[in-house]
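Inspection log for the structure reproduced underneath, given as structure tokens.
The values are calculated or read from the model by the stated rules, or taken from the named source; none is laboratory data. Being a predicted model, the structure only gives us computed values, none of them experimental. All Cβ positions, even for glycine, are placed from backbone atoms using ideal geometry, and neighbour counts span all protein chains on display. These accessible areas exclude ligands, DNA and RNA; they are computed on the full protein's heavy atoms, side chains included. Shrake-Rupley method; radii C 1.70, N 1.55, O 1.52, S 1.80 Å.
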Amino acid sequence: SETWINYAVGILYQDAHFINEAEQYFLQALELRPQSDFLKLELASLLINNDRNVEEGMRLNEELLLIYPEHYGMLYNRAMGLYRLNQYEDALKLLNKSWDARPDYNHEHFMLIREVEQASAKQNKEQ
């Protein structure tokens with residue numbers, strides 16, 4: 001369907017690091033299927049992970065957390081958003097919670113925990 005074609009093109013752009021174009025295709029897909037939690041998650045992830053529009057990504061992710069409060073992907077996205085907003089302690093708590101809920105090892109997630117721990121320690125040292 002047109003929805004999934006737009007999504008697939010968005011993924012291609014995302015993988016090629018053309019974030020503006022990826023966002024546009026994800027938005028088009030979401031317009032065609034506005035109730036799709038999957039597409040909301042993908043757009044939220046794109047916006048947050050690329051430090052593009054963290055606030056909008058967080059808003060979308062919050063909608064999903066109301067439905068899936070323990071889902072590791074939604075928790076991870078929220079943690080990443082908090083990290084982008086320099087809220088390191090809260091980000092670290094959620095990263096650890098999402099790590100515990102994750103069904104398998106993910107090196108990117110593991111490394112983000114370490115990065116946030118270091119940022120938090122630095123922030124605490126400066127205060």
Can we say Val54 is β-branched (Val, Ile, Thr), over 21 Å from His107 (Cβ atoms) and within 13 Å of the chain's Cα centre (by Cα)? yes
Filtering region 15-28 down to residues that are more than 16 Å from Glu2 (Cα to Cα), open to solvent by 60 Å² or more (accessible area, probe 1.4 Å) and either among the β-branched types (Val, Ile, Thr) or not in a loop (DSSP other than H, G, I, E, B) (or both) yields Asp15, Asn20, Glu21
Subset of region 1-20, residues under 16 Å from Asn49 (Cβ atoms) and among the acidic types (Asp, Glu), comes to Asp15
(1) touching a helix residue (DSSP H, G or I) at 6+ places or on another chain (Cβ under 8 Å); (2) more than 21 Å from Asn53 (Cα to Cα); (3) in a helix (DSSP H, G or I): which one isn't true of Met111, the others all being true? (1)
Please go through region 87-109 and give me each residue that is among the hydroxyl-bearing types (Ser, Thr, Tyr) and open to solvent by 90 Å² or more (accessible area, probe 1.4 Å), ordered by number. Tyr105
The helices (runs of 4 or more DSSP H) lying wholly within region 29-95 that contain at least 1 residues that are under 17 Å from Glu117 (Cα atoms) are 72-84
Among the numbered criteria (1) modelled with pLDDT under 95; (2) open to solvent by 70 Å² or more (accessible area, probe 1.4 Å), which one does Arg59 miss? (1)
Among the residues of region 29-48, write down those that are more than 20 Å from Gly73 (Cβ to Cβ) and either surrounded by 15 or more Cβ atoms within 10 Å (Cβ to Cβ) or in contact with a Leu (Cβ under 9 Å, 6 or more places away or on another chain) (or both). Leu32
I want to confirm something. Restricting to region 114-127 and keeping residues that are among the hydrophobic types (A, V, I, L, M, F, W, C) and under 19 Å from Asp51 (Cβ atoms), which single residue is most open to solvent (accessible area, probe 1.4 Å)? Ala119
